[in-house]
Amino acid sequence: MDKFVITGGKKLSGEVEVSGAKNAAVAIIPATILADGSCRIENIPNISDVTSVIDILYKLGARVKLINKTTLEIDSSNLYAPVVPNELARKMRASSYFLGALLGKYSHAKVAMPGGCDFGVRPIDQHIKGFEALGVNISLEHGMVEASSVQLKGNHIYLDVVSVGATVNIMLAAVMAQGLTIIENSAKEPHIVDLANFLSTMGADIRGAGTDVIKIHGVERLHGCTYSIIPDQIEAGTFMAAAVATGGEVLIKNVIPKHLEIISAKLEEMGAEIEEYDDSLLVRRTKPLIRANVKTMPHPGFPTDMQPQIAVLMSIAEGTSIITEGVWDNRFRYVDELKRMGASIQVDGKIAVVEGVGRLMAAPVKATDLRAGAALIIGGLVAQGTTEIEDIQHIERGYENVEEKFRSLGADIQRINVPDEISYDKAII
Ligand code: EPU
């Protein structure tokens, strides 16, 4: 298993290119199942969550052709069976999108319960509520969700909680359902709009994506298309936070500045200077970092996926900051790791009080999940000494070439291969 070894203290400087959005890619790739032809998808990030989604499609019988480093041609029009087995589904949360996409195309799907980062309970009751409203019968047996209907029919669906996953899944199931589907209290994240744009390019009739009411008129069939995925809001935000943490100056390229406004505003409040261009942001900090409070919320609120990264900034800022986690029940598992680096953070339920300690110290730490891992990299970049981060497979789920990108900005970060321990019974003596 590899680990990252980071020697802190270097100010980041230079330019970095942001990859395509993970959370858009993992919805758009399964959505190719709905097309009657082949789809050329550009700006696909090279990350392990995308590999897992492609792996599932491939095993279902899709033909996947690599056109270049970031472009795939996917023909999912002839699948063997609408079934996603356990060993594939457990690798990631987005495997649940195969339910919506297979239902939309075949009115039948059998998909194992999804995996993904552990933030406490991650239910799919709202996905199921949406499918049932469309006339689907659902049963759960031996860890498999089986969903089927004679004909999906449009309906009016009120989501009880704002859920990205439920909004995506209902959109996928409804695009070819009979009649009109209305999703109220839908998620508004940039990847929801990106998925809607992709489906519309395939011939779907979707209005209102990006607002809290999405209207979908079912169409008879969808066709193949060419589509380019939006840049990753959270990867961009992570580089912004790293530039600010190290007191550096970084031009972050291939971004949609509008998607980053709330992150920019919080970083400016903490002492950053940000210049906005058409598709890039120049981020620098020359003044001391100061405290701030953050409450994470669904878009357009401050993204929960930036919460651990901002906690690192708060740890080295002047004063005491408060984080209120407004999306997940348990997204503070990284706090114990940051404490090993000298951070002073008290967690009580969904609230964390972060007392600025000025400086972090290197320590051996473990990435507990994807964004926790990103936060530990930023911690390592500002810490005194050499930090070792284990379990970096979590980071690779969502950040493309992360160490190379940081190295190109002047960071001292290396990937070290640690051979797996050999147990005595397997050792050849
Ligand atoms: N929820 C329910 N019932 C449901 C679905 C969700 O109660 O049926 C609750 C969840 O427990 C949570 C809240 O609703 O408290 C929001 O969950 P949501 O469904 O929006 O999350 P998700 O679709 O599972 C996506 C991202 C996450 C991101 C969240 C919130 C993908 C593949 N994942 O998860 O991204 O944190 O939305 O924005 O899109 C990440 O990229 O690091 C990541 C974890």
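Every number here is computed from the coordinates shown, using simple stated rules; none is lab data. Predicted model, so just to flag it, every value in this text is computed and none were measured. As a convention, Cβ positions derive from the backbone with ideal geometry for all residues, glycine included, and neighbour counts pool all protein chains shown.
Between the stretch 223-272 and the stretch 324-380, what is the C-alpha centre distance in whole Å? Here the answer is 21 Å between Cα centres. Take 18-25, 259-266, 216-223 and order them by the average number of nearby Cβ atoms within 10 Å per residue, most first; the result is 18-25, 259-266, 216-223. With neighbours defined as other Cβ atoms within 10 Å of a residue's Cβ, the residues Leu360, Leu180, Leu251 order from fewest to most as Leu180, Leu251, Leu360. Taking 0.36 nm per residue of sequence separation and removing the Cα-Cα distance, the Glu15/Arg333 pair yields an extension gain of 111.3 nm. Exceedance of the 23 Å cut-off in Cα-Cα distance is limited, within the set Lys3/Lys65; Lys69/Lys110; Lys91/Lys366, to Lys3/Lys65; Lys69/Lys110. Going from the residue with the fewest nearby Cβ atoms within 10 Å to the one with the most, His108, His394 rank His108, His394.
For the stretch 310-395, the fraction of C-alpha pairs more than 20 angstrom apart is 26%. Contact order, relative form, for the chain: 20 percent (alpha carbon pairs under 8 Å, 6 or more residues apart, mean separation divided by residue count).
A straight chain from Lys253 to Asp125 at 0.36 nm per residue would run longer than the Cα-Cα distance by 42.3 nm.
Its alpha carbons considered, the stretch 25-124 gives a radius of gyration followed by a Dmax of 13.0, 39 Å. Here the contact order of the stretch 22-228, divided by its residue count and restricted to Cα pairs under 8 Å and six or more residues apart, works out to 21 percent. Each part gets one Cα centre, and for the stretch 154-204 versus the stretch 1-71 those centres are 22 Å apart. Full extension of the segment from Thr320 to Tyr277, taken as 0.36 nm per residue of separation minus the current Cα-Cα distance, would add 12.2 nm. Excluding same-chain neighbours fewer than eight residues apart, the lysines reachable from Lys11 by a Cα-Cα span under 20 Å are Lys253, Lys287, Lys405. Each of Ile274, Phe302, Gly130 was scored by the projection of its Cα onto the charge dipole of the chain, and the greatest displacement toward the positive side belongs to Gly130; charges sit on the C-beta of Lys, Arg, Asp and Glu. Which one, Leu60, Ile170, Ala89, is farthest towards the positive end of the dipole of the stretch 22-228 when Lys and Arg carry +1 and Asp and Glu -1 on their Cβ? With unit charges placed on the Cβ atoms, the residue in question is Leu60.
Taking a straight line from the alpha carbon of Lys339, these aspartates and glutamates sit under 18 Å away, with near neighbours fewer than eight places off in the same chain left out: Glu318, Asp348, Glu355, Asp369, Glu388, Glu390, Asp391.
Given a Förster distance of 35 Å, report the FRET efficiency between Lys295 and Ala81 from their Cβ-Cβ distance, rounded to the nearest 0.05. Calculated value: 0.20.
Extending 7 Å from Cα along the Cβ direction at Asn137 and again at Asp36 yields two label points whose distance is 2.9 nm. In the chain, the ratio of gyration radius to Kirkwood radius, Rg to Rh, stands at 0.98 when only Cα atoms are counted.
In this structure, Val64 and Arg90 have a Cβ-Cβ separation that, at R0 = 22 Å, corresponds to a calculated FRET efficiency of about 0.55. Inverting the pair-averaged 1/r between distinct Cα atoms of the stretch 22-228 gives 16.4 Å as its Kirkwood hydrodynamic radius.
Neighbour counting of Cβ atoms within 10 Å sorts the residues Met240, Met171, fewest neighbours leading, into Met240, Met171.
Dipole check for the stretch 22-228: with +1 at the C-beta of Lys and Arg, -1 at the C-beta of Asp and Glu, and the Cα centre as origin, the magnitude is about 300 Debye.
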